[in-house]
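What follows is a single structure, written as structure tokens, with notes after it.
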Amino acid sequence: MIEDKLEKKINRLKEILQKMGSFAIAFSGGVDSTFLLAVASELPGIDIIAVTASSSIMPAREIKEARKIAARLKVKHTITKMDPLENPLLKANPPERCYICKKDLFTKFLDLAEKRGFRYLVDGTNHADLKTYRPGLRALKELGIRSPLAEARLTKNDIRRYSKIMGLTTWDAPSLSCLATRIPYNEELTAAKLKMIDRTEEFILSLGFRQVRIRYHHPIARIELDPADIPRLIEPSIRGTVVKRLKAIGFGHITIDMEGYRSGSMDGQKN
């Protein structure tokens, strides 16, 4: 059972999607875009496609998961390769990095959607996102990208709750973000740095941790985990394994952030 308020939001979302009729969904495989794709896939008489970008700034595991989810939902899915680092403005990694990246990415998605004959491009921005620090939202507004979840006033909590009702495996999934968010602003982004971060996070996740961020301060790797997981990480056997592997990857010093994981912890870093 769901309360009337949430049910009204869900019905409003369905109305918005059906009125659009034909659209491409920018699909990361995260909580929000998976929910949007799942709801859209169950509506009769609409034409949709999921579009995902494969690039050096996206964790490889997320691309694999997006492919699996789209197949499970039986939705048309295309993965387009792009190299964000070809843009020198983005490579310089300024504080407006997210805006630059979103502008490039969604311009490419718009072109793809148009060539495939889809009327709109939509994304998974939710209503609560509109109240947080998200520079990329300006790019979406400039390009005319629609955000049906935000239009229906669905928050992240709403989406997680209804995702659970729908039986979506992403209902309690950790938040996603691109690898560039691990590097301090104004430090140049390179494929080698991003690969180091991706390999390190993949390894720590393989040890059974659910949420991890490797904040890059080379030669230092600053590990952020859920605070409840920190005691396990410093158990002698696991600590030794992590230190050995991260040094092999290329880090000289491995530290644990005692505050634990928090979204946007690099936003205050301007150098």
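Name every residue in segment 130-140 that is in contact (Cβ under 8 Å) with a residue 40 or more places away in the chain and under 22 Å from ASP83 (Cα atoms), in order of residue number. Residues satisfying the conditions are PRO135, ALA139. The single residue among ASP198, ASP229 that is more than 21 Å from SER55 (Cβ to Cβ), assigned to a helix (DSSP H, G or I) and of a type in the set (Asp, Glu) turns out to be ASP229. Across segment 174-186, the number of residues qualifying as more than 12 Å from TYR216 (Cα to Cα) and surrounded by fewer than 15 Cβ atoms within 10 Å (Cβ to Cβ) comes to 2.
Considering ALA66, ALA53, the condition of being closer than 23 Å to ALA180 by Cβ, in contact with a strand residue (DSSP E or B) (Cβ under 9 Å, 6 or more places away or on another chain), of a type in the set (Gly, Ala, Ser) and assigned to a helix (DSSP H, G or I) is satisfied by ALA66 alone. Just one of the numbered conditions (1) hydroxyl-bearing (Ser, Thr, Tyr); (2) open to solvent by 70 Å² or more (accessible area, probe 1.4 Å); (3) modelled with pLDDT of 95 or more is not true of THR132: (3).
For LEU189, are the conditions met, namely being over 16 Å from PHE251 (Cα atoms), open to solvent by less than 20 Å² (accessible area, probe 1.4 Å) and in contact (Cβ under 8 Å) with a residue 60 or more places away in the chain?
In short, yes.
Would you check if there is a residue in segment 21-28 being under 23 Å from the mean Cα position of the chain (by Cα), in a loop (DSSP other than H, G, I, E, B) and at pLDDT 95 or above? Checked against the condition, which is being under 23 Å from the mean Cα position of the chain (by Cα), in a loop (DSSP other than H, G, I, E, B) and at pLDDT 95 or above, segment 21-28 yields at least one hit.
Just the residues that are part of a helix (DSSP H, G or I), over 20 Å from CYS178 (Cα atoms) and among the small types (Gly, Ala, Ser), please, taken from segment 108-167. Hits for segment 108-167 are ALA113, ALA150, SER163.
Residues in segment 113-129 that are open to solvent by 60 Å² or more (accessible area, probe 1.4 Å) and either without any contact (Cβ under 8 Å) to a residue 24 or more places away in the chain or within 17 Å of LYS102 (Cα to Cα) (or both): GLU114, LYS115, TYR120. Of all positions in segment 233-241, at least one carries a residue that is without any contact (Cβ under 8 Å) to a residue 24 or more places away in the chain, open to solvent by 30 Å² or more (accessible area, probe 1.4 Å) and assigned to a loop (DSSP other than H, G, I, E, B).
The set of residues from segment 141-186 being in contact (Cβ under 8 Å) with a residue 40 or more places away in the chain, aliphatic (A, V, I, L, M) and over 14 Å from ARG215 (Cα atoms) comprises LEU143, ILE145, LEU149, ALA152, LEU154, ILE159, ILE165, MET166, LEU168, ALA173, LEU176.
GLY30 passes all but one of (1) surrounded by fewer than 14 Cβ atoms within 10 Å (Cβ to Cβ); (2) in contact with a Leu (Cβ under 6 Å, 6 or more places away or on another chain); which number fails? Going through the list (1) surrounded by fewer than 14 Cβ atoms within 10 Å (Cβ to Cβ); (2) in contact with a Leu (Cβ under 6 Å, 6 or more places away or on another chain), GLY30 breaks only (1). Say we look at segment 242-261 and pick out the residues that are surrounded by fewer than 16 Cβ atoms within 10 Å (Cβ to Cβ) and more than 20 Å from ASP198 (Cβ to Cβ); which of these is farthest from the chain's Cα centre (by Cα)? Of everything passing the filter in segment 242-261, MET258 is farthest from the chain's Cα centre (by Cα).
The values are calculated or read from the model by the stated rules, or taken from the named source; none is laboratory data. For clarity, every value in this text was computed on a predicted model and none was experimentally measured. Cβ: placed from backbone, ideal geometry, glycine included. Neighbour counts: every protein chain shown. Surface areas here come from the heavy atoms of the whole protein model, side chains and all, with no ligands, DNA or RNA. Shrake-Rupley method; radii C 1.70, N 1.55, O 1.52, S 1.80 Å.
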